[in-house]
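The values are calculated or read from the model by the stated rules, or taken from the named source; none is laboratory data. Since we're looking at a predicted model, the values are computed, not measured. Counting neighbours? That spans all protein chains shown, and the Cβs are built from the backbone with ideal geometry, glycine included.
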Amino acid sequence: MNIKRLVQIAAAALLGTMLVCAVVFTMGINSIRIGGSHERQIERASALEADLLPPPLFVVEPYAVAMEGLNHPERAAETISRLEAMHKQYEDRKSYWKTADVSDTIRATIEGSSMKAGDAFWAVINDRTIPALRRNDPASTGPVLNAMSAAYHNQKGQLDESLQSVAKFKTETLDSSKSALTWTASLLIGLGLLLFAGLIFCAVLLMRRVIDPLGRVADVTTELADGRNVPVPFTDRHDELGAMARAVDHFRESANIRAERDAKDSAEKKGVADALGEMLAVMADGDLRKQLNVVFPGSYKEIGESLNKAIGALRSMVQQVVLNATSIRSAAGEISAASQDLSERTQSNAAAIEETTAALANVDSRIASTRDAAESTAQSASRAKSAVDQGRSKAQFAAATMEEVRESAASVDGVMEALDKIAFQTRVLAMNAAVEAGHAGEAGKGFAVVADLVSQLAARAEEEARKAREQLTATSAKIGQAVTSVGEVEQEFAGIVDDVASVTELVERLTEDARAQASAVTEISAAMRQMDVSTQQNAAMVEQTSAAAGSLLADAQKLVDQAETFKWDRRMRQKAVPFERRGRTAQEVASINAVHAEQASLEQRLSDAA
């Protein structure tokens, strides 16, 4: 039997034992627990015992109430009410016990003679006692009391027997609970001992069959890991431990074979490493003229060939680096000189732009002053136009007033003419009155005097009207002259208003032009400032470029110096290594010629620039 199967069987046995213990424990505890079957039976027996005692199933209290009602007829209504309530309570408890989950013993007690005796008592109460109380018939009290007494004593005897039966059932139920508890405890103790013994057996079995052999295999594995060749035990077992031991033994044999192979590889690697070390030491001194002449064994042959190719490629690259570094050095020198010249020109441009910016700032300030003066002039012209408009309005009002006065004078002249006519007619009437007074004789003397006075008054009024007409005529002429003068003044004011409007328009146009010029100059000044900033940045960048070119020139010189430390055949046509005989020499010569041509071109440009 293998270890896996053994462990499975032991685990199944332990689980089965624990499951049986759990089932037995659950059933036993469920029967004796609070709320279990035994406890419920005891509880219902106690409840029945309480119901059998007064009240509600024991009729001693209804019996006493009925007797009291029969002895006191004046309380008949109260007695009937109390009896009906007690009967209802009796029926409720009776219905409860008929449907309650109780044992057969309790069921027999409920459905036995005690319950029938109670029904008989309540039949007497309902059929005889209550009607007697309602009729208030003293003659029927005696027979009713006798019937009640007989029914009560009958039920009391039956209840005594029922109480004895219930008490006996409680005692039996308690004894059964104690027995179930004792049996469950004993069974649990036995199962616990069995489980403990099973655990000990499994532990001993695991120690002998698994733990100890695993420890020995682990010790052997440790010794094998330390390099000791020891035999592996338990290779003859047919379980998992035997398979593990056989695998470890296979690893031991594989390790021995691998050790022999590693020793051989180590010898080959040492020879290769020595040859590589010697070759790398020569290359470390900068000598690229030699090649590896040792033929490496087996798979290391490609390493030797690759090293020879790498040496040839490195030699070609160093030669190309030297040529390119020389070209870079020349180009870096030219870039440095050009950058220096560009830096000086950029600084000169920056100074010119700065001066232009300052001049534009001065022009901007003057244009701003001109704009402010034009705006002030425009405001003054506007105020003058407003004043002239007000003067013209007043002149127009004065002319209108003069015209009204002239018209009034003309109307007064008409009035004067009317007064003149009235005075003339009055004088004619006075003359007629004087004539009539003369005709009247002595009686008309007084009237003649009055007529004479009226005539004098009319003449005086006529004279005053003439004078007033003359004055009004002169006044009208003067008013006409004033109206003419005021009209001329109004025309002059109109001309002034037109001139002021023209001046205002010109000043506004001048102000707008000044504003536009100021805005344009401001934009130009901002652009110049931006150009100044850009020029300063360009100058800084040119200086950085010049510094970078100088650094590049120094680095190129260092690169040339370092590349010159390598050793190789300096002839234009070198004797190349065998794997690069074809094609490389012509390419290198072409590269050298191109570098020389570029150097000559750079020297020519430098001489032209000088």
Any residue at all in the range 560-579 that is at pLDDT 75 or above and either of a type in the set (A, V, I, L, M) or not in a helix (DSSP H, G or I) (or both)?
no
Of all residues in the range 182-233 being touching a Phe, Trp or Tyr at 6+ places or on another chain (Cβ under 9 Å) and either touching a residue at least 60 places away in the same chain (Cβ under 8 Å) or aromatic (Phe, Trp, Tyr) (or both), which is farthest from ILE257 (Cα to Cα)?
THR184
From (1) within 30 Å of ILE496 (Cβ to Cβ); (2) modelled with pLDDT of 70 or more, pick out the condition that doesn't hold for ARG406.
(2)
Could we say that THR356 is closer than 30 Å to GLU512 by Cα, surrounded by 15 or more Cβ atoms within 10 Å (Cβ to Cβ) and assigned by TED's automatic domain parsing to the domain that holds ASP532 here?
yes
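Scan the range 267-274 and give yes if some residue there is in contact with a Lys or Arg (Cβ under 9 Å, 6 or more places away or on another chain) and more than 30 Å from LEU15 (Cα to Cα), otherwise no. Break it down stepwise before answering.
If we filter the range 267-274 for residues that are in contact with a Lys or Arg (Cβ under 9 Å, 6 or more places away or on another chain), which is where we start, we get none.
No, the conditions are met nowhere in the range 267-274.
Determine, yes or no, whether PRO213 is at pLDDT 75 or above and part of a helix (DSSP H, G or I). Working first, answer last.
On the way: at pLDDT 75 or above: yes; part of a helix (DSSP H, G or I): yes.
Judged against the criteria, PRO213 is a match.
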Pairs, first in contact (Cβ under 8 Å) with a residue 12 or more places away in the chain and on the phi < 0 side of the Ramachandran plot in the range 468-494, second of a type in the set (Lys, Arg) and assigned to a helix (DSSP H, G or I), C-beta under 7 Å, six or more apart:
SER476/ARG406; ILE479/ARG406; GLY480/ARG406; VAL483/ARG406; GLU490/ARG392; PHE493/ARG392; ALA494/ARG392
So if I check each of ALA381, ALA358, which one is among the aliphatic types (A, V, I, L, M), modelled with pLDDT of 75 or more and over 22 Å from LEU552 (Cβ atoms)?
ALA358
Regarding VAL248, is this residue in contact with an Asp or Glu (Cβ under 6 Å, 6 or more places away or on another chain) and modelled with pLDDT of 75 or more?
no
